[in-house]
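Colleague: For reference, the structure I am asking about is given below.
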Amino acid sequence: MSDQESCRIRVLDDATVTRIAAGEVVERPASVVKELCENAIDAGASRIAVAITSQGGRITAIRVTDDGCGMNPEDARLAFARYATSKITAIDDLFACETLGFRGEALASIASVARVTLVTKARSGTGIAGRRIVNLGGDIVDDAEAGCPFGTTITVEDLFYNTPPRKKFQKSLSAEIAFISGLIERLVLSRPHISFVLSHNTRQIISVPGGDLGDAIIHLYGLPVARQLIRVTGSGTRVRLDGYISPPSLTRKNPYQVYISVNSRIIASRALAGAIKEGYATLLPADRYPLAFLNLEIIASDVDVNVHPAKREVRLSREFEVRAEITTIVRHSLASACLIASEPERIPADLPHETQELFPYRIVAPREGGVHEPSRNDRFATERQLRLTETESMIPPGSRLPDLEIIGQLGNLYIIARTGEDDLILIDQHAAHERVLYEQVRERSLRDRATQELIEPVVISLSPRECETLAAAIPLLAQEGFTLDAFGPRNYLVRTVPVLLGRNIEPGEVRELIAELIAPGSGKGVDAREHIRRIVACRGAIKAGASCSPDQCLRLIRQLARTENPSSCPHGRPTMVILKKRRLDQLFGRI
Ligand code: ADP
Ligand code: MG
């Protein structure tokens, strides 16, 4: 083996190490905003302004200005060094750390992949002038006195100029701005007393004057949402909870509006979000999440903040107890808001032997016709939905399904039917109608006959992040039949919807539908128009839980029989299950 071959391992130089580490801290422009704002918060700022500049569809500059403590010239230079921090001095300090930063990595990481201009003046300093330092790719290229107010302004330009792959993988401008808006929303919620302004070029996206959490929620989500919220305060032995949650009537399809901060640090935690949801118990369906704006106060020694380079997660040493306490406090808050009927009666563990039934089913005489009589309201809703899809037959009545006779409906969800051969068929009414709607929606939008005016336009109020996402999606939504006009700050007017949703669709339904369309992470991996169609189909379809008359069941099955692909819903789940007579005979040991 030659010498050259035996020495392949080298210790990387500092600049390379910093740039590699930067990959973890500075994933995207929003990470820069996060780190700079957190530094401003740690500096005790009462006002933070974030200005994003873009040109030709790319973010060209990020500037964060604060009125915090500022830095003296020596500290300002040191701030760019890796592992240079004023916030801790030894590892033990970490466990009592009340600042958002502590690793001393952010400024060094950002400077290693960008051009950073720092202008700062310390409140504690004696000089009249401040300092202006320019750092390019990790090297200080300019350092001079400069006139400036107390506080700090950091401008980041040419982000990722020396890491081309990362530059290339940046999302679209609108996606990035939406992301940044979401981030500022979270910071506002975790520090509502600070005044925040976020602007993009000349447009102001968020402007909150600073107040209490209630004020912040009103500013971000509007009075109609804020009014419905339920106040939560309470403490257990491990955690103190403070904030607001939504009533069960106000929910979302995923937990993206469950905002949790631990000791005023916004974190992402499925486990804690799950604990909040559990507090609702059966008040919420399994696939719905509440809105929650909660701060958890936990003694610092129970929280490990040093888990994630971007500090998005924390580790709790008593997570199990904390979760249980959160669930209890949430449950009590809901109960005192008079929403929980009463706890289900406990079944005593030691039932007397005689009362235990061997056969677990209660036997009742069949109802007339075997079908539960639907309430008038229910039947009306089902009727409206069925009629919308009945007007048109896309494919001539075919025989994709055998002739069926309806036996009944189970759990207000499954239609029970039998074929001429006495095979048993169970049909999921929601999935079936979703398939019918989906094919018709697609057909109509391809033929450009998708739009219809609502009897009454519907006003929707959105959060800053949702607004940004919606603004970018409007042209696409228009192609699928939705016409939305901006209407005052963060309000939109929905004027038209796809024909198949009907002219008198409930305003609440329209709001839910739009919220679902723009929820972050929804529609991943699916073409955007396809995603819209699927949601329209799902929203417009007869619900699981709606009772249908025998005639309505039959009409639904006839509609399904005419679809191209009757056996699965647009998400690929089955619409029906067949139990062959032969299989039944086998099950009963007859053959
Ligand atoms: P960390 O926040 O983990 O300490 P950073 O790299 O983010 O590390 O910042 C390094 C240091 O620079 C901080 O500890 C702080 O002393 C100083 N600093 C950064 N931003 C500001 C600011 N906006 N105002 C005052 N000091 C700041
Ligand atoms: Mg920091």
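The values are calculated or read from the model by the stated rules, or taken from the named source; none is laboratory data. Quantities reported herein were computed from a predicted structural model and do not represent experimental measurements. Glycine also receives a Cβ, built like all others from the backbone with ideal geometry; neighbour counts cover every protein chain displayed. These area figures cover heavy atoms from the full protein model, side chains too; ligands, DNA and RNA do not enter into them. Shrake-Rupley method; radii C 1.70, N 1.55, O 1.52, S 1.80 Å.
Colleague: With 145, 74, 105, 98 as the choices, which residue is within 12 Å of ligand 1 (Cβ to nearest atom) and open to solvent by 50 Å² or more (accessible area, probe 1.4 Å)?
Modeller: Values: 145 fails: within 12 Å of ligand 1 (Cβ to nearest atom); 105 fails: open to solvent by 50 Å² or more (accessible area, probe 1.4 Å); 98 fails: within 12 Å of ligand 1 (Cβ to nearest atom).
Exactly one residue qualifies, and that residue is 74.
Colleague: I'd like the residue in segment 33-58 that is open to solvent by 40 Å² or more (accessible area, probe 1.4 Å) and under 23 Å from residue 136 (Cβ atoms) and, out of all such residues, is nearest to ligand 1 (Cβ to nearest atom).
Modeller: 39
Colleague: Among the candidates 279, 274, single out the residue that is out of contact with any Asp or Glu (no Cβ under 8 Å at 6 or more places or on another chain), modelled with pLDDT of 90 or more and under 26 Å from residue 100 (Cα atoms).
Modeller: Working: 279 fails: under 26 Å from residue 100 (Cα atoms).
Only one candidate passes the filter, namely 274.
Colleague: While we're here: Can you tell me which residue in segment 65-106 is nearest to ligand 2 (Cβ to nearest atom), limited to those that are over 25 Å from residue 14 (Cβ atoms) and modelled with pLDDT under 75?
Modeller: 97
Colleague: Starting from segment 312-337, keep only residues that are not assigned by TED's automatic domain parsing to the domain that holds residue 263, then list their pairs with residues that are part of a helix (DSSP H, G or I) and of a type outside the set (Gly, Ala, Ser) whose Cβ atoms are within a distance under 6 Å, requiring at least 6 positions of separation or different chains.
Modeller: none
Colleague: If you go through segment 350-360 one residue at a time, do you hit one that is modelled with pLDDT under 75, farther than 20 Å from residue 500 by Cα and open to solvent by less than 20 Å² (accessible area, probe 1.4 Å)? Lay out the reasoning, then the answer.
Modeller: Here is the first cut: in segment 350-360, the ones modelled with pLDDT under 75 are 350-360.
Filter again for farther than 20 Å from residue 500 by Cα, leaving 350-360.
Narrowing further to those that are open to solvent by less than 20 Å² (accessible area, probe 1.4 Å): none.
No: zero hits.
Colleague: Could you tell me how many of the residues in segment 177-202 are closer than 11 Å to residue 468 by Cα and in contact with a Lys or Arg (Cβ under 7 Å, 6 or more places away or on another chain)?
Modeller: Residues that pass the stated criteria total 3.
Colleague: Is it the case, given these coordinates, that residue 529 is within 26 Å of residue 454 (Cα to Cα), at pLDDT 90 or above and open to solvent by 40 Å² or more (accessible area, probe 1.4 Å)? Give the derivation first.
Modeller: Numbers: within 26 Å of residue 454 (Cα to Cα): yes; at pLDDT 90 or above: no; open to solvent by 40 Å² or more (accessible area, probe 1.4 Å): yes.
Against the criterion (within 26 Å of residue 454 (Cα to Cα), at pLDDT 90 or above and open to solvent by 40 Å² or more (accessible area, probe 1.4 Å)), residue 529 does not qualify.
Colleague: Residues in segment 32-50: is at least one within 16 Å of ligand 2 (Cβ to nearest atom), at pLDDT below 75 and within 17 Å of residue 158 (Cβ to Cβ)? Give the derivation first.
Modeller: As a first pass, look at segment 32-50 and keep what is within 16 Å of ligand 2 (Cβ to nearest atom): 32-45, 48, 50.
Subsequent filtering for residues that are at pLDDT below 75 retains none.
No.
Colleague: Would a scan of segment 77-92 turn up a residue that is aliphatic (A, V, I, L, M), crowded, with 19+ Cβ neighbours inside 10 Å and more than 8 Å from ligand 1 (Cβ to nearest atom)? I'd like the intermediate steps shown before the answer.
Modeller: Filtering segment 77-92 for residues aliphatic (A, V, I, L, M) gives 78-79, 81, 84, 88, 90-91.
Still in the list and also crowded, with 19+ Cβ neighbours inside 10 Å: 79.
Adding the requirement that they be more than 8 Å from ligand 1 (Cβ to nearest atom) leaves none.
Checked segment 77-92: no residue is aliphatic (A, V, I, L, M), crowded, with 19+ Cβ neighbours inside 10 Å and more than 8 Å from ligand 1 (Cβ to nearest atom).
Colleague: Within 16 Å of ligand 2 (Cβ to nearest atom), assigned by TED's automatic domain parsing to the domain that holds residue 180 and among the aromatic types (Phe, Trp, Tyr) - does that describe any residue in segment 132-151?
Modeller: no
Colleague: Can you tell me how many residues in segment 280-313 are in a helix (DSSP H, G or I) and not small (Gly, Ala, Ser)?
Modeller: 4
Colleague: Another question, if that's okay. Among the residues of segment 59-71, which ones are polar (S, T, N, Q) and either within 10 Å of ligand 1 (Cβ to nearest atom) or touching a His at 6+ places or on another chain (Cβ under 9 Å) (or both)? Before the answer, list the steps.
Modeller: Here is the first cut: in segment 59-71, the ones polar (S, T, N, Q) are 60, 65.
65 - this is the single residue of segment 59-71 that is polar (S, T, N, Q) and either within 10 Å of ligand 1 (Cβ to nearest atom) or touching a His at 6+ places or on another chain (Cβ under 9 Å) (or both).
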